[in-house]
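The values are calculated or read from the model by the stated rules, or taken from the named source; none is laboratory data. Keep in mind the model is a prediction, meaning the values are calculated, not measured. Counting neighbours? That spans all protein chains shown, and the Cβs are built from the backbone with ideal geometry, glycine included. All accessible areas refer to the heavy atoms of the entire protein, side chains included, with ligands and DNA or RNA removed. Shrake-Rupley method; radii C 1.70, N 1.55, O 1.52, S 1.80 Å.
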Amino acid sequence: FDEAFAVLGYNVKSSDMAEVAEKIQQLDEAMGSFEREGLSQLLASDAVHYNPSDLCSWLESMISGLNPLSGFESSPDPFLDSSTASVNSCPPRIDLDFGSDLISIPGEAIYPRPPAKRARYPVSVEPPPAAARSLLVDSQENGIRLVHTLVACAEAIQQEDAELAEALVKNIGFLAASQAGAMRKVAAYFAEALARRIYGLRPPAAAAAAGDSGFTDDALQMNFYEACPYLKFAHFTANQAILEAFAGKSRVHVIDFTMKQGMQWPALLHALALRPGGPPAVRLTGVRYSSRDGSAEIGWRLARLAEDVEVEFKYEEITVADSIAELDSSMLDVREGEAVAVNSVFELHRLLSRPGSIDGVLKLVRELKPEILTVVEQEANHGGNIFLDRFNEALHYYSTLFDSLESGAAAAAAADGSATDEDRLMTEVYLGRQICDIVACEGADRVERHETLAQWRARFGSRGFTPVRLGSNVYKQAILLLGLFAGGDGYRVEENDGCLMLGWHTRPLIATSAWK
């Protein structure tokens, strides 16, 4: 749990709680049976509770005030007497920097109030102000409870304890409601995914593919492109590697396994147009998926751009049902004298749900003899068959990703507002579908089987591919690209043995690699 807490930004100190518990016990012993009754009545009222470190010092001051205990039977309770201490004498609220404000929740919503007891002595206490008539729950503490509950629910599913899993998943929504920002959103998506797994409901991605939703993966990825720099980074780094591989070539052919809306290729056409000695003749073959992609008039838009920048250009499109495993070399029409580049962005991991598919596609790529194969994949291990391990890894990964989206979107909106609220909302839907697939699905239905760069290295190496280093020039330009993106301070580019990774603070999230 410590790793999960750390990535969510929490700093858990169990020693604080132990000290508080010890002092409560001391206070209980000091006050005796009558004073316990008075204390329970006070704590059950509309009091304000504090962070453990503040509560500890408050308890210490109360213990000191109760020693010696002489005169308790003949005088009003010094703890309850307004002349000595009242509810309003609690230490002032201190907003500690836990990444979000303390959340105010009505006390009765969490702890039902016991029936009021009549005090043995008159009590003169000014009622707390109306604004204080609530229980302030530290969002850090509730965040910890939320993570515990998410993991406990996943453990119950792993152990096939359906009754416990159902009870826990209902509690997740309650705990998530007390959170703000990224934590609340990511918890809601994981809660939905857990509920779908428990009740056997079809994930939303499957519904969209079946025509039940207007939001295709193709459309949602465009929102993802606008809302954050990850896809921009993927396209930029892959394009730079392709541009270097095409140096001095007069006829080039790019085969894109993930054509989508063709957002990657205008930049490459511009770069080729500016190449010393003039641009090459360019062929672009795009693979589209009838089950996932929306309709788009990509060819004529790219052709018009190529005409504007004076690049000889031809676009060809191949439509398959759902997988690049359906391709063969004859469909791609590679011609003599062409320099070939094959490009895949967030696509190869989908082959891992179909036995033998990845080997077939890599065999196809070898037959094409490309100058370069560029691959961008999520830097995560979501392909394992043990549900609990996969859940923990996904919770870690998407918590970091949502945190980067929340921070980056706020900075972007303050800077130029380039990413709209719709882009950010649809990006959350796009990522939520991935969470649902990883958590709710099994077998061939689970297609989001992300693997780490180390795993891809081992796979490519064993299939006869050798790595192509992404040079320092690509690294430096990637840094400049992030500098132009509002909120780029939290993003980190890391060089990893010739490959480039983009992450949020210390956690890599996507990786670009190149192969021959």
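Please enumerate the residues belonging to the stretch 462-498 that are in contact with a strand residue (DSSP E or B) (Cβ under 8 Å, 6 or more places away or on another chain), closer than 24 Å to LEU362 by Cα and small (Gly, Ala, Ser).
GLY498
Can you tell me which residue in the stretch 173-200 is modelled with the highest pLDDT, limited to those that are crowded, with 17+ Cβ neighbours inside 10 Å and among the hydroxyl-bearing types (Ser, Thr, Tyr)?
TYR189
Check the stretch 378-391 and report whether any residue there is β-branched (Val, Ile, Thr) and either crowded, with 21+ Cβ neighbours inside 10 Å or touching a Ser or Thr at 6+ places or on another chain (Cβ under 6 Å) (or both).
Checked against the condition, which is being β-branched (Val, Ile, Thr) and either crowded, with 21+ Cβ neighbours inside 10 Å or touching a Ser or Thr at 6+ places or on another chain (Cβ under 6 Å) (or both), the stretch 378-391 yields no hits at all.
When you scan the stretch 359-380, do you find a residue that is of a type in the set (Gly, Ala, Ser) and free of Cβ contacts under 8 Å to residues at least 12 places away in the same chain, even just one?
no
Would you be able to say whether some residue in the stretch 410-422 is of a type in the set (Val, Ile, Thr) and at pLDDT 95 or above?
No: zero hits.
When you go through (1) at pLDDT below 95; (2) more than 27 Å from ASP322 (Cα to Cα); (3) of a type outside the set (Asp, Glu) one by one for PRO203, which number turns out not to apply?
Tallying (1) at pLDDT below 95; (2) more than 27 Å from ASP322 (Cα to Cα); (3) of a type outside the set (Asp, Glu), PRO203 fails exactly one: (2).
Within the set of pairs 6 or more residues apart or between chains, which connect a residue that is open to solvent by less than 70 Å² (accessible area, probe 1.4 Å) inside the stretch 143-161 to a residue that is basic (Lys, Arg) and part of a helix (DSSP H, G or I) with Cβ atoms less than 7 Å apart?
Qualifying pairs under 7 Å: ILE157/ARG197.
Taking GLY483, is it open to solvent by 10 Å² or more (accessible area, probe 1.4 Å) and closer than 17 Å to PHE236 by Cα?
Spelling it out, GLY483 is indeed open to solvent by 10 Å² or more (accessible area, probe 1.4 Å) and closer than 17 Å to PHE236 by Cα.
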